[in-house]
Amino acid sequence: MATCLIALGSNLGDRAATLDAALDALAAAPGVELVRHSAWQLTLPVGGRDAQPEFLNGAAVAETSRGAADFHSLLQQIEAQLGRERHERWGDRTLDLDLLRFGDAVIDTPELTVPHPRMSFRRFVLEPAVEIAGQMVHPTIGWTLERLLDHLDAGADFVAVVSPDATARRELTAMLSGRFDMTACAPAVVNERLWPTASTTWLAVPTGRVSTENPKLTILLGLAAASEVGRGPTLRIAPMSRDDAEREAFAAIAAVWPRLGC
């Protein structure tokens, strides 16, 4: 049996009823045992168009004898049964079921990425997950979910953009600086193994908490093989168009620092 962590979200229709129905469907599925779930939490949308309705979010832990791909397919089937339509990324949705963690597996295929690539820095994912599974360890970062959430509250208000491509790094940091009024900085103490000076640009969030601790967010730009261990909340941006990279980064900033908006 694999222990799975699932994120649930809805911002259309009767959100609570939809999330409750999703849990019922999950519990009734063959080869699945629903262990526990969080309370539902009201959160602001991140990354999509302006003026979206607020989301109701939560998390659930389940045990399953199914394989990862089969379990992921089950989640998609439940979404479809409860009215999910896939039109716009980060758009309104009746139901969203994300597979955050499948045992200790690390999976990266066109159909499924586990652990979920954005779970380490999304408060609306971590807060309900910590309520029911705070001591679960993120398989690629090596921190507990509780530690990741604590770091979003107490860590230094820096973004570290790491890439050996100086041009790509400069373009992304310029976009972040312009959008969020961030400023280039140089922390007093740097772990050169995780944030090598020659390939890291640091940005300070305005009026933020500046210290010698790890940055609240690390962005690995075009570093497919780079380890995430010990970095804390991390966004990995694979080679993609400038617009897509910008949107990924902007949404991550808004998730870590909601007051900055998106």
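The values are calculated or read from the model by the stated rules, or taken from the named source; none is laboratory data. A quick note: this is a predicted structure, and the numbers were derived from the prediction, not measured. Every residue, glycine as well, gets a Cβ built from its backbone with ideal geometry; the counts of neighbours run over all protein chains shown. All accessible areas refer to the heavy atoms of the entire protein, side chains included, with ligands and DNA or RNA removed. Shrake-Rupley method; radii C 1.70, N 1.55, O 1.52, S 1.80 Å.
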TODO: Filter segment 88-122 for residues that are in contact with a Ser or Thr (Cβ under 8 Å, 6 or more places away or on another chain) and not in a strand (DSSP E or B) and give the result.
DONE: R93, T94, L95, G103, V106, P115, S120, F121
Task: Hits in segment 133-143 - residues which are among the β-branched types (V, I, T) and open to solvent by 20 Å² or more (accessible area, probe 1.4 Å) - done: V137, T140
Open item on the list: Can you say whether F102 is out of contact with any Asp or Glu (no Cβ under 6 Å at 6 or more places or on another chain), open to solvent by less than 40 Å² (accessible area, probe 1.4 Å), closer than 20 Å to L221 by Cα and of a type outside the set (D, E), as far as the supplied structure shows?
Closed with: no
Open item on the list: Among the numbered criteria (1) modelled with pLDDT under 90; (2) farther than 24 Å from R242 by Cβ; (3) surrounded by fewer than 17 Cβ atoms within 10 Å (Cβ to Cβ), which one does T197 miss?
Closed with: (1)
TODO: Could you please find all residues in segment 232-251 being open to solvent by 20 Å² or more (accessible area, probe 1.4 Å) and either touching an Asp or Glu at 6+ places or on another chain (Cβ under 7 Å) or among the charged types (D, E, K, R) (or both)?
DONE: R236, R242, D243, D244, E246, R247
Task: Filter result (small (G, A, S) and touching a residue at least 60 places away in the same chain (Cβ under 8 Å)) within segment 154-167 - done: G155, A156, S163
TODO: Identify, by number, the condition in (1) part of a loop (DSSP other than H, G, I, E, B); (2) open to solvent by 20 Å² or more (accessible area, probe 1.4 Å); (3) modelled with pLDDT under 95 that L42 doesn't meet.
DONE: (1)
Open item on the list: Can you pull out every residue in segment 108-122 that is among the β-branched types (V, I, T) and open to solvent by less than 40 Å² (accessible area, probe 1.4 Å)?
Closed with: V114
Open item on the list: Given the criteria part of a helix (DSSP H, G or I), surrounded by 15 or more Cβ atoms within 10 Å (Cβ to Cβ) and among the hydroxyl-bearing types (S, T, Y), does T167 qualify?
Closed with: no
Open item on the list: Of the conditions (1) β-branched (V, I, T); (2) more than 30 Å from W40 (Cα to Cα); (3) buried (at least 18 other Cβ atoms within 10 Å of the Cβ), V125 satisfies every one except a single condition; which number is it?
Closed with: (2)
TODO: Quick one: count up the residues across segment 144-154 that are closer than 19 Å to W257 by Cβ and crowded, with 20+ Cβ neighbours inside 10 Å.
DONE: 4
Open item on the list: Suppose we filter segment 1-39 for residues that are part of a strand (DSSP E or B) and out of contact with any Leu (no Cβ under 9 Å at 6 or more places or on another chain); how many remain?
Closed with: 5
Task: Selected residue (only one of L235, L260 is touching a helix residue (DSSP H, G or I) at 6+ places or on another chain (Cβ under 7 Å) and modelled with pLDDT of 90 or more) - done: L235
